Every structure is written in structure tokens, then in C-alpha cells.
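The structure appears right after this line, and notes come after that.
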Amino acid sequence: MPTKVLPSLQDVWKARKSILPFVSRTPLLLSAPLSHQTGASIYLKCEHLHPSGAFKWRGAVNSIAQLTKEQLKQGVTTYSTGNHGIAVSMAAAKFGTKAVICVSNHIPQAKMDFIRSLGAELKIVGSSQDEAESYCNHLRETDGLTIVPPFDHPAVISGQGTIALEILEELPDVNCVVAGLSGGGLLSGISLVMKSSNKEIRTIGVSMENGAVMHESLNCGHIMQLKEQPTFADSLLGGLGETNQYTFSLINKYLDRSILIPEQTIAKGMAYIYQNHHMIVEGAAGITVGAILDGFIKVKKGTNIVLILSGCNVDLKAHSLAIQPYLKESLIL
Ligand SMILES: *Cc1c(COP(=O)(O)O)cnc(C)c1O
């Protein structure tokens with residue numbers, strides 16, 4: 001086995017160049033109500049505004065842009081909790097290659113419908129991301145498809161890291177970035193860029209209480225397997241893969257804190273964004289807002305905090321049910 005080389009800041013700049021024709025910069029909005037409520041300046045990085053509805057568009061485009069003509073001729077495959085599958089389907093269509101997306105039966109209907117509508121082949125295999133991953137390996141052997149991994153690949157990590165370059169350009173005196181943590185591609189990329197630029201910039205990962213594989217693995221010092229359980233933050237489900245090479249090391253090295261968040265706090269964050277900013281975001285994005293609202297992250301007055309609104313692919317009915325209990329109370333001070 002060749003020794004793995006962790007991606008570098010330079011790889012993120014290269015990713016930025018390669019995705020530029022396909023990936024638009026996303027807005028960084030100052031949330032006046034959240035800032036007013038906390039005394040800090042709280043910004044929302046609107047990664048749910050990509051055409052695929054989530055930041056995974058960056059990593060998927062960067063990965064597929066690196067493939068050879070031969071690989072593109074054969075097609076690509078991936079396993080996904082949904083958003084990466086959507087992004088790969090869309091990127092495959094842009095690059096004129098076919099995509100087979102393998103998902104577990106936990107994926108919400110909205111995400112399955114989205115993948116099918118993009119012309120990709122959807123395969124529902126088993127009840128966990130790890131089972132979907134095994135099936136992808138099988139497709140590589142039998143059909144010669146190239147796997148585009150959802151997080152544990154330098155091209156994916158570098159692609160997601162371009163979010164941090166955009167943040168630094170607009171808000172060079174950022175103090176802390178908060179994002180949902182699952183496989184760790186998102187926070188590996190962001191933390192790598194932030195720590196390479198200024199070690200004082202903090203990065204915090206938030207996950208749901210039940211089934212937070214990276215969080216538990218960090219605590220144990222080795223990769224764990226947990227049963228997937230229903231959560232509002234379904235995009236944060238999934239294991240770290242049996243042969244994790246990059247994200248566990250990078251998160252271990254760079255992430256300052258990992259915090260578990262209860263379900264009602266996730267729903268409250270989604271409700272807050274709906275009520276105050278009139279945007280629909282999924283639980284994996286609302287979780288960052290809830291973490292601030294319910295005091296899981298104590299912010300210092302006068303600091304600059306960025307919350308990553310990572311995606312918006314949620315069943316509208318599920319969204320409406322989740323936020324219902326929190327709409328009546330006045331969330332604006
Ligand atoms: C994938 C995803 C995450 C977590 O990203 P990882 O790279 O797996 O840690 C967070 N939010 C949304 C919306 C996602 O799709």
C-alpha cells in the first residue's frame with residue numbers, strides 16, 4: 001500500500017480553479033436576529049443554494065473533473081446518504097458520463113426522487129451506508145465504474161475546502177466556523193484551510209445524539225460502527241467506511257470540538273431559519289443554528305462566527321412537521 005498523503009492547502013486552491021466554471025460562490029449572510037440575540041456577529045454560509053441543494057456539489061465536481069477520458073466513458077458510482085448522490089448525478093450529467101447511485105433504504109423520498117430526475121440509476125441496497133458501499137465495490141469490479149467516494153478522498157475534501165477560501169476572502173477576521181459533522185469531508189476541508197491560514201480560527205463539528213459515528217470514533221481513538229437511527233439530520237447518518245484513510249486523521253488533527261445535539265434543538269434551528277430568514281434548510285444545516293440557540297456553543301461577544309447552512313434537501317412535509325412545535329413562540333427578540 002502506498003502511504004497516504006493528506007490533502008494540502010494548495011490542493012484546495014487547485015480545486016477552486018478546477019470547479020470555478022461549474023460552482024458559484026455562495027452568499028455569506030449576516031443574521032441580524034442571531035447576532036442581536038448573542039452579541040456576536042453570526043453569519044450564515046448559504047451552501048444550500050447550490051443547484052444540487054447542498055455543498056457536496058463542490059467535492060463531486062472536483063472529483064469528476066479529475067477523471068480520465070476512459071473513466072468517464074465507463075461511468076461513475078457512489079454510495080451516499082443522499083446529497084452526495086444528487087451532486088454526483090448532476091456532475092456526471094455535466095461531464096457526459098453515466099452514474100449509478102447506491103443508497104440505503106433510510107434515504108428520504110425527496111432525495112430519491114431528485115436522483116432519479118437527474119437521469120442517474122438509483123440502487124437501493126440494504127439499511128446502512130456501509131452496505132451501499134460494498135455494493136459500489138461490486139459495481140467497480142463487474143462494470144468498471146469509478147467510485148466517487150462521499151468524503152474520504154483528497155478530491156472531495158479539497159472541493160469542500162473551497163467553502164473556507166470563500167469565507168476567508170469575505171470575512172478574514174473570522175473566529176469560528178460551525179458545521180454538521182458526519183463522514184468529515186466538509187470539516188476536514190474547512191479545518192485544513194482555516195488552520196493552515198491561522199491556528200487561532202476554531203472549527204466545531206455538530207452531530208445528532210444518536211448515531212454520531214465520527215464523534216464516538218474520536219472519543220474512542222478508533223473507527224466505530226454504530227446503528228443508524230432516525231433523525232432530523234438524516235444527511236449526517238452513515239459510517240466512516242472500513243478503510244478510512246483521510247477524514248478520521250484530518251478531523252483528529254484539526255477539529256477543535258465535536259458536540260452532540262438533541263433532536264428538538266435541530267428542529268428548533270430549522271424553525272428559526274424558516275421564521276427569521278424565510279429559508280428552508282434540512283436538519284444537518286439547522287443543527288448549527290440550534291446549537292447556538294440552545295447554548296451548546298457559547299459564543300463570545302464581539303466575535304465573528306460562521307454557521308454552515310449545508311443543505312436544503314428535505315421533504316417539505318417532514319420540514320413542516322419538524323418545525324411546527326417551534327413556530328408559535330416568538331423567536332425574534
Ligand atoms: C454530507 C453532509 C454533511 C456532512 O458532511 P461530511 O463531509 O459527511 O461530514 C452536512 N450537511 C449536509 C447537508 C450534508 O449533505
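The values are calculated or read from the model by the stated rules, or taken from the named source; none is laboratory data. Just so it is clear, the model here is predicted, and its values are computed rather than measured. With ideal geometry, Cβ positions are generated from the backbone for all residues, glycine too; neighbour counts draw on all protein chains shown. To get the accessible areas, we keep the full protein, side chains included, count just its heavy atoms, and leave off ligands, DNA and RNA. Shrake-Rupley method; radii C 1.70, N 1.55, O 1.52, S 1.80 Å.
For the cross-link pairs K4/K56; K195/K300; K14/K298; K14/K98; K123/K195, which exceed 29 Å when the distance is taken from alpha carbon to alpha carbon? Write down the numbers at each step before the final one.
Numbers: K4/K56 23 Å; K195/K300 20 Å; K14/K298 35 Å; K14/K98 25 Å; K123/K195 39 Å.
The pairs that break the limit, which is 29 Å between Cα atoms, are K14/K298; K123/K195.
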Long-range HN-HN contacts of R25 with modeled amide H, under 5 Å: none
Extension gain from L168 to S24, taking 0.36 nm per residue of separation minus the Cα-Cα distance: 50.2 nm
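Averaged per residue, what accessible area in Å² does the chain show with a 1.4 Å probe, protein chains only? Numbers along the way, then the final one.
Values: 13700 Å² over 333 residues.
Roughly 41 Å² per residue, with all protein chains present.
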Amide H partners (placed H, <5 Å) of S258, local residues excluded: G205
Using a Förster distance of 56 Å, the FRET efficiency for E70-D256 (Cβ separation, nearest 0.05): 0.85
Helix axis angle, 185-197 relative to the chain longest principal axis, alpha carbon, degrees: 70
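On the protein heavy atoms, probe 1.4 angstrom, tell me the percent of accessible surface of the chain carried by carbon and sulfur.
Numbers: 7230 of 13700 Å².
Here it works out to 53 percent.
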Interchain or long-range residues, amide H under 5 Å from A40's placed H: G302
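Report the charge-dipole magnitude of the chain in Debye, nearest 20, computed about the Cα centre from +1 at each Lys and Arg Cβ and -1 at each Asp and Glu Cβ. Intermediate values should be presented prior to the final figure.
Numbers: 28 positive and 27 negative charges, 152 e Å.
It works out to roughly 740 debye.
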Dipole of the chain, positive end: most advanced residue of A92, S117, A65 [Cβ charges, Cα centre]: A65
On Cα atoms only, tilt of 154-170 relative to the major axis of the chain in degrees: 30
S134 - accessible surface, heavy atoms, 1.4 Å probe, Å² rounded to 10: 60
Spin-label pair S35/Q109, simplified geometry with 7 Å Cα→Cβ offset, distance in nm: 4.1
Positive-end residue, the chain charge dipole about Cα centroid, Cβ charges, pick of P108, A179, V314: A179
